[in-house]
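**Student:** Below you will find the structure I want to go over with you.
The values are calculated or read from the model by the stated rules, or taken from the named source; none is laboratory data. This is a predicted model, so every value here is computed, not measured. Here Cβ is always computed from backbone atoms with ideal geometry, including for glycine, and neighbour counts include all displayed protein chains. With ligands, DNA and RNA removed, areas are computed over all heavy atoms of the protein, side chains included. Shrake-Rupley method; radii C 1.70, N 1.55, O 1.52, S 1.80 Å.
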Amino acid sequence: MLRRFLDRLYLASAVFAALCIAGICVVMLAQAFGRGAGILFRGADDITGWLCAAAAFFALGHTFRHGELVRVGLLLEQLGPRARWAAEAAALTFTACFTAYMLWAIASYVYETWRAHYVTQGLLIIPEWIPQVSLVVGMAIFLTAVLDELVAVLRGQKPAYQLAEEAKRASGDFSESV
């Protein structure tokens, strides 16, 4: 049940990231057509920036689990099973610690902007914490994905990103190797 919830969380996060990218497309097209029609789309740059940040952070967890983030697989593939397990566990532990620190730092900054009542500096004046919340939520989902993989490795299972990589190779997809 927990596995299903986490997989749905990662998928929902990826879908939201994709919707943010689609939103960027809509905003840019509206701005372009509006310019041609003499209509000013106020705050388009602000909205595009917020959507870019949200898309990047919400995509992290899903991307990580599917083996699409940069990893040093060449080194790991040369190791024996026990050494590979130790290297994966050490790398995931370091990544979890770093990601937890990033989450804390981002959440602290967003809390300060909320507490100090900061507002955005662009054409759209809104409380600054509102678009920044996406960074906190996206980083929390990424930390969850890293911890999920760490627990799997510590249990002696292959991490999802390794399984995804093996499935790509089995299907004849060597695009990442080129």
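**Student:** I'd like the carbon and sulfur percentage of the solvent accessible area for the chain, probe radius 1.4 Å, heavy atoms only, ligands and nucleic acids excluded.
**Tutor:** Ligands and nucleic acids excluded, carbon and sulfur reach 71 percent.
**Student:** Any idea how far the Cα center of the range 136-165 sits from the one of the range 106-130, in Å?
**Tutor:** Distance between centres, Cα-based: 31 Å.
**Student:** For the chain, what is the mean residue ellipticity at 222 nm derived from helices alone (per DSSP H run of n ≥ 4: -39500 (n - 2.57); sum divided by total residues; nearest 500 deg cm²/dmol)?
**Tutor:** Per the formula, -26500 deg cm²/dmol.
**Student:** Which listed residue (151, 126, 33) has the Cα farthest towards the positive end of the charge dipole for the chain, taking +1 on Lys and Arg C-beta and -1 on Asp and Glu C-beta about the Cα centre?
**Tutor:** Value: 151.
**Student:** State in Å² the accessible area per residue of the chain; use a 1.4 Å probe, count heavy atoms of protein chains only, and round to the nearest integer.
**Tutor:** 63 Å²
**Student:** Another question, then. Taking amide H positions as placed in the peptide plane 1.01 Å from N, state which residues far from residue 119 in sequence (5 or more) or on other chains have amide H under 5 Å from it.
**Tutor:** 128
**Student:** Now a separate question. Can you give me the span-like helices of the chain, meaning DSSP H runs with 20 Å or more of Cα extent along the axis and Kyte-Doolittle mean at or above -1.0? Mind dumping the intermediate values first?
**Tutor:** Working: long enough: 2-37 (51 Å, 1.27); 44-65 (32 Å, 0.73); 81-115 (50 Å, 0.34); 129-154 (37 Å, 1.86).
Length and hydropathy pass: 2-37, 44-65, 81-115, 129-154.
**Student:** Taking the Cα centre of the range 1-85 as origin, sum charge times position over the Cβ atoms of Lys and Arg (+1) and Asp and Glu (-1), and report the length of that vector in debye to the nearest 20.
**Tutor:** Computed about the Cα centre, the dipole is about 360 debye.
**Student:** Run the dipole for the chain about the Cα centre, Lys and Arg Cβ at +1, Asp and Glu Cβ at -1, nothing else charged, and hand back the magnitude in debye, nearest 20.
**Tutor:** Computed about the Cα centre, the dipole is about 320 debye.
**Student:** Hand me the GluC sites (Glu not before Pro) from the range 114-178 located in a DSSP loop with no more than 13 other Cβ atoms within 10 Å, in residue order please.
**Tutor:** Passing both the DSSP loop test and the Cβ count: 176.
**Student:** Next up: Extension gain residue 7-residue 118, at 0.36 nm per residue separation less the Cα-Cα distance, in nm? Please list the in-between numbers first.
**Tutor:** On the way: separation 111, 0.36 × 111 = 39.96 nm, distance 3.54 nm.
Difference between extended and current length: 36.4 nm.
**Student:** Name the most mobile residue of 69, 103, 147, meaning the one with the largest mean-square fluctuation, in a Gaussian network model of the chain with Cα contacts below 10 Å.
**Tutor:** 69
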